[in-house]
Amino acid sequence: MSSPVLVLSRFSFICVLLCAATLAQEPAAKPPDKTKSGDTAAAPKPEDKPVLPFQIQLLETHIRFETNGDSRKDVHTIVRINDPAGARQFSRLGFDYNRAFQQVEIPLVKVTHANGGTSEILPSAITDAPNPAVQNFPAYHDVRVKSVRILGLQGGDTLEYRVITTTTKHPLAPDFWLVHTFDRSGQVDQEIYELNLPTSRKVQPRINTKTPATRMETSGEGDASRTIYRWERQESHVDSQSAASPIAPDIAFNTLFYPASAWEAVPARWANLIYPNRPASREIEEKTASLTATAKNSEARLEAIYNFVAKKVETVALPLGATGYRTRPSEDILTSGYATQEDKAALFAALARSARFEPLVYLTLPEGGDLISSTFQHILVGVYDPNLYGKWMDPSNDVAPFGMIPSIYRGKTAFCPTSFNFQPGMMVISLLPTVPEQLPFSASQVVQVDATLDHDGRLSAKVNYRMRGDNELLLREAFHQAPKDKWKELAGLLALSDGFRGTITNATASDPVATKDPFTVEYEITQPKFVDWSKKPVRIPALLPQIALPDAPAKDAAKIELGTPLDVQTTLTLKLPEGTTVQTPAATSVTRDYATFVSKYDGHLNTVTVSRHINFVMREIPTERATDYNAFLRAVQNDQAQMLVFSPPPAASTTTP
């Protein structure tokens, strides 16, 4: 389905990243439990369907593929606008395409007004411009957005439009592919989907058994024979128990990998498309020599090449495949100083080969995906070297430490087209390897809180984070993307995520691109009237971020996933007014083979120190150990719920208003 282009601010994206940066293992989000008194409101009954900002009354798609790989996609949409939010969302329609091999036409845009009358948008209202992501990168101006602005749209109006996308001479032609999942959000009342395929290509779509074609027919004879699949779905057909999109698409086919006998030719096509096997140019040879001149061994040479491509060549944020997987000459990439993820992989490959490495390129697949029914997610690189083979890299991530792959791709299956480039007798490289789950270093998080509580109940604290691992990468990305004058706001979001309230007075961070060392963030925070000394005794929690642990496993869970092994150390030093009496809780110590937890509490004169240390050493444990894990989980949660108890000095209790 083509949809209007929605633009989110860069800072909103950073906020999302920060909200994800918790202190320890964070399980995947789960749907809320059944409602109890005072809990989240119960899900609406089917008859109580909420009114959405807009409702798509008809979504009709016709797609026709030709034997040479060309295609035509015609989408007809009718949308009812229900409120101002819906009007804003559809005030501009935008459709992405690549003019190197595609054309987009918008033959119809019509508004039927709630108060009567219609208006059609004139062709002059349609604009065609480079995608905003490539605005400053002329080499990619073929990646464009054709859009139309719709003025005066109001609640109660009906918007109707047609969009036709024609693809000719795609870089991977004569092959073609398709992946489609039907809407299950309730936003579409009626969806019609028609797929017209040449019978001679022997395409066999994979179709979800829960969404069979409403009708299938053939027409024509011989080379002109066509097979037509048609689906007609009403919103009422949506099973409430399967409202979420399925892991696998409803319809998928891929002529690249069908039939299986053609596989041997396919990887070579991909490899030569991504980086043609040609002799290195003078520019590449000279750059390689300058990058590796001081390297003392193979790993140092590889790291120098990776750091240059990742950090010195600006990443153009286009989705994988936006350029048809066709890459630019490495010399052009080097000269321009910017590249898409495919072009960064191509430049890395050229430099690596010049440094006498045989490069590997990996295209990752989604969870549970395969080559027939999935689209590639991301591109990673490596080299053919017995000592460095497990060293995967992500050159499109300019703040990822050498050898670190973001967690979203680790453990996933990848397609390695370059494995077929090797000569007989070389080490066998899997066509479908698994992205390594381990990090190139031990993951750790250290948080130090130095705080002061004065006679007026005012809290002042300095909080320092030192991180290595997945949360390090999230914070590096957030601080790298934000200008320095926004770092205080980022620190405020980080403080909120860890339960700290107050005013951020200062915030600093280490250089996000300096990935050799752990990433550090430090901020100062104040909160007036944090305590009321007149209330005796005063009870406060330990002023430390809560350590998040995976929830207890469900009864049908296959295993208990603890996540990437991680060592977390949090420490508090709290200065109190002289004469304050302190009562600290009991320490906790729990040891398992999969994790350990130790806490310590100490109060001496007017200073309180608290430390909590948890270390996950296993990635998962069997569900048979659920009882044991639940006991471990409760011990940690009970410790974090303990309170510090103070009896204030006379001066503090009398000066508190």
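The values are calculated or read from the model by the stated rules, or taken from the named source; none is laboratory data. In this text, all values refer to a predicted model and were calculated from it rather than measured experimentally. Backbone-built Cβ (ideal geometry, glycine too); neighbour counts: all protein chains shown. Protein only, heavy atoms only, side chains kept; ligands, DNA and RNA dropped before computing areas. Shrake-Rupley method; radii C 1.70, N 1.55, O 1.52, S 1.80 Å.
Here is how the numbers come out for the structure above:
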| quantity | calculated |
| --- | --- |
| In the range 319-346, residue least open to solvent (accessible area, probe 1.4 Å) [restricted to those that are closer than 15 Å to Asp398 by Cβ and assigned to a loop (DSSP other than H, G, I, E, B)] | Thr340 |
| Subset of the range 573-603 [modelled with pLDDT of 95 or more, in contact with a helix residue (DSSP H, G or I) (Cβ under 7 Å, 6 or more places away or on another chain) and farther than 17 Å from Gln448 by Cα] | Thr588, Val590, Arg592, Ala595, Phe597 |
| Residue check for Leu431: crowded, with 16+ Cβ neighbours inside 10 Å, more than 30 Å from Lys311 (Cβ to Cβ) and touching a Leu at 6+ places or on another chain (Cβ under 6 Å) | no |
| Test: residue in the range 123-131 that is polar (S, T, N, Q), out of contact with any Phe, Trp or Tyr (no Cβ under 7 Å at 6 or more places or on another chain), open to solvent by less than 30 Å² (accessible area, probe 1.4 Å) and not in a helix (DSSP H, G or I) | yes |
| Odd one out for His480, checked against (1) in a strand (DSSP E or B); (2) touching a residue at least 60 places away in the same chain (Cβ under 8 Å); (3) within 17 Å of the chain's Cα centre (by Cα) | (1) |
| Ser91 vs. criteria within 14 Å of Thr158 (Cα to Cα), surrounded by fewer than 18 Cβ atoms within 10 Å (Cβ to Cβ), among the hydroxyl-bearing types (Ser, Thr, Tyr) and under 29 Å from the mean Cα position of the chain (by Cα) | yes |
| Residues of the range 267-292 satisfying the condition of being within 24 Å of Gly390 (Cα to Cα) and either in contact with a helix residue (DSSP H, G or I) (Cβ under 8 Å, 6 or more places away or on another chain) or modelled with pLDDT of 95 or more (or both) | Pro267, Ala268, Trp270, Ala271, Ile274, Tyr275, Asn277, Thr288, Leu291, Thr292 |
| Pairs with Cβ under 6 Å, 6+ apart, first in the range 545-561 and more than 14 Å from Asp628 (Cα to Cα) and at pLDDT 85 or above, second in a loop (DSSP other than H, G, I, E, B) and of a type in the set (Asp, Glu) | Pro545/Asp498 |
| Options Leu365, Leu360: the member that is within 23 Å of Asn254 (Cβ to Cβ), in contact with a Gly (Cβ under 6 Å, 6 or more places away or on another chain) and surrounded by 21 or more Cβ atoms within 10 Å (Cβ to Cβ) | Leu360 |
| Scan of the range 214-235 for residues that are touching a Lys or Arg at 6+ places or on another chain (Cβ under 6 Å) and not in a strand (DSSP E or B), ordered by number | Thr214, Gly220 |
